[in-house]
Amino acid sequence: MTTVALKPATMAQALTRALRDAMAADPSVHVLGEDVGVLGGVFRVTDGLAAEFGEDRCTDTPLAEAGILGTAVGMAMYGLRPVVEMQFDAFAYPAFEQLISHVARMRNRTRGRMPLPITVRVPYGGGIGGVEHHSDSSEAYYMATPGLHVVTPATVADAYGLLRAAIASDDPVVVLEPKRLYWSKDSWNPDDPQPVDPIGRAVVRRTGRSATLITYGPSVPVCLEAAEAARAEGWDLEVVDLRSLVPFDDETVCASVRRTGRAVVVHESGSFGGPGGEIAARVTERCFHHLEAPVLRVAGFDLPYPPPMLERHHLPGVDRILDTVARLQWEAEN
Amino acid sequence: MTVMEQRGAYRPTPPPAWQPRTDPTPLLPDAEPYRVLGTDAAAQADPELLRRLYAQLVRGRRYNVQATALTKQGRLAVYPSSTGQEACEVAAALALQERDWLFPSYRDTLAVVARGVDPVEALTLLRGDWHTGYDPYEHRVAPLCTPLATQLPHAVGLAHAARLKGDDVVALAMVGDGGTSEGDFHEALNFAAVWQAPVVFLVQNNGFAISVPLAKQTAAPSLAHKAVGYGMPGRLVDGNDAAAVHEVLTDAVRRAREGGGPTLVEAVTYRIEAHTNADDATRYRGDAEVETWREHDPIQLLERELTARGLLDEDAKQSARDAAETMAADLRARMNQDAVLDPMDLFAHVYAEPTPQLREQQALLRAELEAEHADQEGTHR
Ligand SMILES: Cc1ncc(C[n+]2csc(CCOP(=O)(O)OP(=O)(O)O)c2C)c(N)n1
């Protein structure tokens, strides 16, 4: 077996590498968005692409999200594979009309004759001290739109693999990039980046016996930390990283819950109408007889994303997760 | 001496010289909508083209009448008629080359049909069997678009992509006067101008957006004037003059193909029928207004011109009518057949591969259908 040299790399670097590799591999891949050219994007994810591939392949567009995504639709109709960058989560909203009315349903309305291989990259979520409109967790809106795939990486390797898979997909994929993990480092082999499982597979990040934390994106590291901390309380927590919200991997999630008998869903987005409700319902429907306690949720509060000086109270943290895990001792309480 | 000069310290610096980025004058539309029929310009028009336009107008009118009748018979869920606007519809299709693309809105079935799409398939959306009946790639016609103006950026993106690939393809995008108020209209025009994309925008100003008149839609001098702000030429044309619309669109298409960038064309026309068969137009406009436009009917205008110039005799008129009648009879016959639909198709085209969640739901529906079928068998026995 050859050993590969693992070096620390950031998620942002892995995403850049994914874009570069995809563009080099396929001339129909085009990147477009606000400030993606000379500047390399406000998070520098598109850094160097315009210089390497030219401004026709990595294009600074006018400042208009509906226009960016709307023109991407036409480009995809003509055989290109546009990768669109939305500068921040809340600034993707002007493009929702195009996303929902056209991107998500063009394959369906044309009976499969006009698939749209568009990748929409959305830096999302809180924890970076952003002012208003820079920290939304918008995943529920995307999840609720049939025709879209929705993925969100939590590791450097997944960032690379999921973005490559998204660009290769013949269907539109929304890639939710957790902003606060952009600078997180992992050991990763930048010389030989690997693909990941096909879109739609969850992964067990940590095995455990007493309960499952079901989570994704920015909350994955928080859950891993909580799982470590929980050992002191005698809890051996399993952590499932969904990676893909649509399609949803019932199999991996339910296999884990059947092993542990208890589950907590953890995410930043609000709990009312949020992804946790859907996940809890699915788990309950499938694993009812294995459950020792109701599926609980740790989510952001149901409020507009708070100002940066208060966001730590809103975001699910280790303590709130541990308190919720403690509530899984259902029999003892009731 | 001013106070400033007395103090002697302040020396105002002039702002850096400002110049308009482009001379707006050539971009401005003419004061009057451009016309050909009934003017000296008509003599220059190609008689063959005029006869083709005529045949298509007659066919288009018959299609509108037939489709409206089908709504009354319950064979069509809804039909937005383009009676009175046929010249725009037909000229739009005929101004394009085969390799070009058309981006229609829900009212533009005639343009779609004139482009070669099967008349029944063009009605699939409005009939309700599916959302789009035809293969967009076959005749290079995008799906009929229901949300207003959202197809305009698609046209820009497609034209831009074609140019990047080195193809001399032009996209023609159609929108109503109401649609020009949507944000997507602005974004599309702006992108097209910045990218110098080979796109032609055709606004059919038919006076109303459902019930709302143009005066409540915009304060611009004309919709064609909007072009100037984007840095593209605006052209104003009599939308009931098929020869004029064809000429203006053909010019704009040629200009786009040659790398001259986008054009915004406003065709001034009128919607003779109500918004759709479900609308009551008497609530927002009077008969007198409709009558003045009936007198400016696109078919009559062209017929008068052709007849006056000896280019159209009674036989030619009859054969145009006969062709239209054959089309209508065929449309009627095929629309009167019950659609054969497979409910399992619901799951077939959501994703390239159905998600596990869709597979489960597919299984549920299949079981329901089987049970329904078994029930029917039972009652038949
Ligand atoms: C985004 C959007 N808003 C509202 C509607 C409902 N609607 C359908 S047609 C119409 C009026 C459109 O008027 P106009 O653009 O002038 O086109 P016309 O119907 O006259 O051809 C409205 C408001 C719609 N289809 N899309």
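The values are calculated or read from the model by the stated rules, or taken from the named source; none is laboratory data. On a predicted model such as this, the values are computed, not experimentally measured, just so you know. We place every Cβ from the backbone using ideal geometry, glycine too, and count neighbours over all the protein chains shown. Ligands, DNA and RNA are excluded from the accessible area calculation, which covers all protein heavy atoms including side chains. Shrake-Rupley method; radii C 1.70, N 1.55, O 1.52, S 1.80 Å.
Please state the relative contact order of chain B as a whole percent: Cα pairs under 8 Å, 6+ residues apart?
22 percent
Angle, helix A:11-25 long axis vs. longest principal axis of chain A, Cα atoms, 0 to 90°, nearest 10?
That works out to roughly 40 degrees.
What do you reckon, how do A:SER137, A:SER244, A:SER187 stack up by accessible area (1.4 Å probe), largest on top?
Details: A:SER137 25, A:SER244 0, A:SER187 85 Å².
My answer, sorted largest first, is A:SER187, A:SER137, A:SER244.
When chain B is modelled as a GNM with alpha-carbon springs shorter than 10 Å, which of B:ALA149, B:ALA17, B:ALA122 fluctuates the most?
B:ALA17
Could you please tell me the mean projected area of the C-alpha convex hull for the protein assembly as shown, averaged over all directions and given in square nanometres to one decimal?
Working: hull surface 185.3 nm².
That works out to 46.3 nm², a quarter of the Cα hull's surface.
How crowded by other chains is B:181-189, given as the mean number of beta carbons from other chains within 10 Å of each beta carbon?
Details: counts 0, 2, 6, 7, 0, 3, 14, 6, 1.
Counting Cβ atoms of other protein chains within 10 Å of each residue's Cβ and averaging gives 4.
How large is the accessible surface per residue of region A:1-84, computed with a 1.4 Å probe and reported in Å² as a whole number?
In whole numbers, region A:1-84 has 38 Å² accessible per residue.
Share of Cα-Cα pairs in region A:257-334 beyond 18 Å, in percent? Show your work: numbers first, answer last.
Values: 1357 of 3003 pairs.
Distances greater than 18 Å cover 45 percent of the Cα pairs.
In square angstrom, rounded to the nearest 10, how much accessible surface does B:HIS131 have for a 1.4 Å probe?
90 Å²
Determine which lysines satisfy two conditions relative to A:LYS185: a Cα distance under 22 Å, and not lying fewer than 8 residues away in the same chain.
Reachable lysines: A:LYS7.
Please identify, among A:GLU238, A:GLU228, A:GLU34, the residue showing maximal mean-square fluctuation in a Gaussian network model of chain A using a 10 angstrom Cα cutoff.
A:GLU228
In region A:111-146, which residues give up 40 Å² or more of accessible area once the other protein chains are added, compared with their chain alone (1.4 Å probe)?
Hits at the 40 Å² cut-off: A:ARG111, A:ARG113, A:MET114.
Going by alpha carbons, how many degrees (0 to 90, nearest 10) lie between the helix axis of A:275-287 and the longest principal axis of chain A?
Roughly 60 degrees, rounded to the nearest 10.
Report, in degrees rounded to the nearest 10, the 0 to 90 angle that the Cα long axis of helix A:219-230 makes with the longest principal axis of chain A.
Taking Cα atoms only, the helix is inclined about 20 degrees.
Give me the extension gain from B:ASP40 to B:THR307: residue separation times 0.36 nm, minus the current Cα-Cα distance, reported in nm with one decimal.
Numbers: separation 267, 0.36 × 267 = 96.12 nm, distance 1.55 nm.
Fully extending the segment from B:ASP40 to B:THR307 adds 94.6 nm.
Can you report the principal axis dimensions of region B:1-153 using only the alpha carbons, biggest first, rounded to whole angstrom?
88, 43, 31
Sorted from largest down, give the three principal axis spans of the alpha carbons of region A:192-281, whole angstrom values.
On the principal axes, region A:192-281 reaches 39, 36, 24 Å in Cα extent.
Within 10 Å of each Cβ in peptide A:97-109, how many partner chain Cβ atoms are there on average? Round it to a whole number, please. If you can, show how the numbers build up before the last one.
Details: counts 6, 6, 0, 1, 4, 8, 0, 1, 4, 7, 5, 10, 10.
Partner Cβ neighbours, averaged per residue: 5.
For region A:1-121, build the convex hull from the C-alpha positions and give me its volume per residue in Å³.
On the way: hull volume 16.2 nm³, N = 121.
So the per-residue Cα hull volume is 134 Å³.
Quick one: pull the percent of accessible area on region A:207-302 belonging to carbon and sulfur, 1.4 Å probe, ligands and nucleic acids left out.
49 percent
Please give the contour-minus-distance gain from B:GLU98 to B:ASN336: 0.36 nm per residue of separation, less the Cα-Cα distance, rounded to one decimal in nm.
Values: separation 238, 0.36 × 238 = 85.68 nm, distance 3.13 nm.
So the chain would gain 82.5 nm between B:GLU98 and B:ASN336.
With no solvent and one point per C-alpha, what does the Debye sum give as log10 I(q)/I(0) for region B:316-358 at q = 0.16, 0.20, 0.28 Å⁻¹?
Here the Debye-derived log intensity ratios amount to -0.62, -0.71, -0.92.
Place the peptides A:94-100, B:169-175, A:199-205 in order of packing, highest mean first, counting for every residue the other Cβ atoms within 10 Å and averaging per peptide. The partial results should precede the final answer.
Details: A:94-100: 21.7, B:169-175: 28.4, A:199-205: 19.4.
Result, highest mean first: B:169-175, A:94-100, A:199-205.
Based on the alpha-carbon set only, what is the convex hull volume of region B:124-281 divided per residue, in Å³?
Values: hull volume 18.2 nm³, N = 158.
Considering the Cα atoms of region B:124-281, their hull volume per residue is 115 Å³.
Per-residue accessible area for B:HIS139 at 1.4 Å probe radius, Å² rounded to 10?
50 Å²
At 1.4 Å probe size, with no ligands or nucleic acids counted, give the accessible surface of B:MET335 in Å², nearest ten.
About 0 Å², ignoring ligands and nucleic acids.
Set the Förster radius R0 to 51 Å, insert the Cβ-Cβ distance between B:ALA367 and A:ARG327 as r into 1/(1 + (r/R0)^6), and round the FRET efficiency to 0.05. List each step's numbers first, then the result.
Details: r = 38 Å, r/R0 = 0.75.
It comes to 0.85.
Compare A:ASP171, B:ASP167 by solvent-accessible area with a 1.4 Å probe and give them largest first, with all protein chains kept in place.
Details: A:ASP171 5, B:ASP167 60 Å².
Most to least solvent-accessible, the answer reads B:ASP167, A:ASP171.
For region B:248-336, which whole-number percentage of the solvent-accessible area (1.4 Å probe, protein heavy atoms only) is attributable to carbon and sulfur atoms?
Working: 2050 of 4370 Å².
The nonpolar share, carbon plus sulfur, comes to 47 percent.
Which value, in square angstrom to the nearest 100, describes the accessible area buried between chains B and A on both sides, using a 1.4 angstrom probe?
Details: alone 19640 and 14710 Å², together 30660 Å².
For chain B against chain A, roughly 3700 Å² becomes buried.
Note down, for region A:196-238, the three equivalent ellipsoid semi-axes (square root of 5 times each alpha carbon gyration tensor eigenvalue), biggest first, whole angstrom. Provide the component values of the computation, followed by the final result.
Working: eigenvalues 93, 25, 9 Å².
Over the Cα atoms of region A:196-238, the ellipsoid semi-axes are 22, 11, 7 Å.
Using only alpha carbon pairs under 8 Å that are at least six residues apart, calculate the relative contact order of region A:24-158 and give it in whole percent.
Values: 216 pairs, mean separation 28.6, N = 135.
So the answer I get is 21 percent.
Give me the accessible area per residue for region A:115-246, probe 1.4 Å, as a whole number in Å². Mind showing how you got there, number by number?
Values: 4310 Å² over 132 residues.
For region A:115-246, the per-residue accessible area is 33 Å².
Over region A:34-178, what percent of the accessible surface lies on carbon and sulfur atoms, probe 1.4 Å?
On region A:34-178, the fraction of accessible area on carbon and sulfur atoms equals 52 percent.
Could you tally the net charge around B:ARG235, taking each other residue with its Cβ under 15 Å from the Cβ of B:ARG235, Lys/Arg +1 and Asp/Glu -1? Please list the in-between numbers first.
Details: positive: B:ARG35, B:LYS226, B:ARG254, B:ARG255; negative: B:ASP30, B:GLU32, B:ASP238, B:ASP241, B:GLU247, B:ASP251, B:GLU266.
Spelling it out: positives minus negatives among the neighbours equals -3.
Once all Cα-Cα distances of region B:220-324 are split into 10 Å bins that start at 0, what whole-number percent is in each one?
The percentages, shortest bin first, are 13, 28, 32, 23, 4.
When chain B is treated as a GNM, springs tying every alpha-carbon pair under 10 Å, which of B:GLY231, B:GLY166, B:GLY60 comes out with the largest mean-square fluctuation?
Answer for the Gaussian network model of chain B: B:GLY166.
When averaged across all projection directions, what area in nm² does the alpha-carbon convex hull of region A:169-218 cover? Before the final figure, lay out each step's value.
Working: hull surface 21.5 nm².
Its Cα hull, projected and averaged over all orientations, spans 5.4 nm².
Over chain B, how many percent of alpha carbon pairs lie in each 10 Å bin up to the one with the longest distance?
5, 21, 28, 22, 11, 7, 4, 2, 1, 0, 0, 0
Between A:ARG201 and B:THR282, take the C-beta separation as r, use R0 = 51 Å, and let me know the FRET efficiency to the nearest 0.05. Can you show the working numbers first?
Working: r = 60 Å, r/R0 = 1.18.
Taking R0 as 51 Å, the efficiency between A:ARG201 and B:THR282 is 0.25.
Counting helices only, and only those DSSP H runs with n ≥ 4, report the 222 nm mean residue ellipticity of chain A as the sum of -39,500 (n - 2.57) divided by its residues, in deg cm²/dmol to the nearest 500. Could you put the intermediate results ahead of the total?
Working: 12 runs with 108 residues, N = 334.
It lands at -9000 deg cm²/dmol.
With viscosity set to 1.567 mPa s at 4 °C, what whole-number translational diffusion coefficient in µm²/s follows for chain A from Stokes-Einstein and a Kirkwood radius over Cα pairs?
Working: Rh = 20.3 Å.
For the chosen part, D equals 64 µm²/s.
Taking loop as defined by DSSP and a crowding limit of 13 other beta carbons within 10 Å, which GluC sites (Glu not before Pro) in region B:227-271 fit? Write down the numbers at each step before the final one.
Values: sites: B:GLU247, B:GLU258, B:GLU266; in loops: B:GLU258.
When the GluC sites (Glu not before Pro) of region B:227-271 are filtered for loop state and at most 13 Cβ neighbours within 10 Å, B:GLU258 remain.
Mean separation of Cα pairs under 8 Å and 6+ residues apart, divided by the residue count of region A:1-70: what relative contact order is that in percent?
After rounding, I find 28 percent.
How large is the dipole of the protein assembly as shown about the Cα centre if only Lys and Arg carry +1 and Asp and Glu carry -1, each at its Cβ, rounded to the nearest 20 debye?
Values: 68 positive and 98 negative charges, 147 e Å.
Result for the protein assembly as shown is approximately 700 debye, rounded to the nearest 20.
For A:LYS185, B:LYS216, give the ranking by accessible area with the largest first, probe 1.4 Å. Write out the running numbers ahead of the final one.
Details: A:LYS185 135, B:LYS216 160 Å².
Output order, biggest surface exposure first: B:LYS216, A:LYS185.
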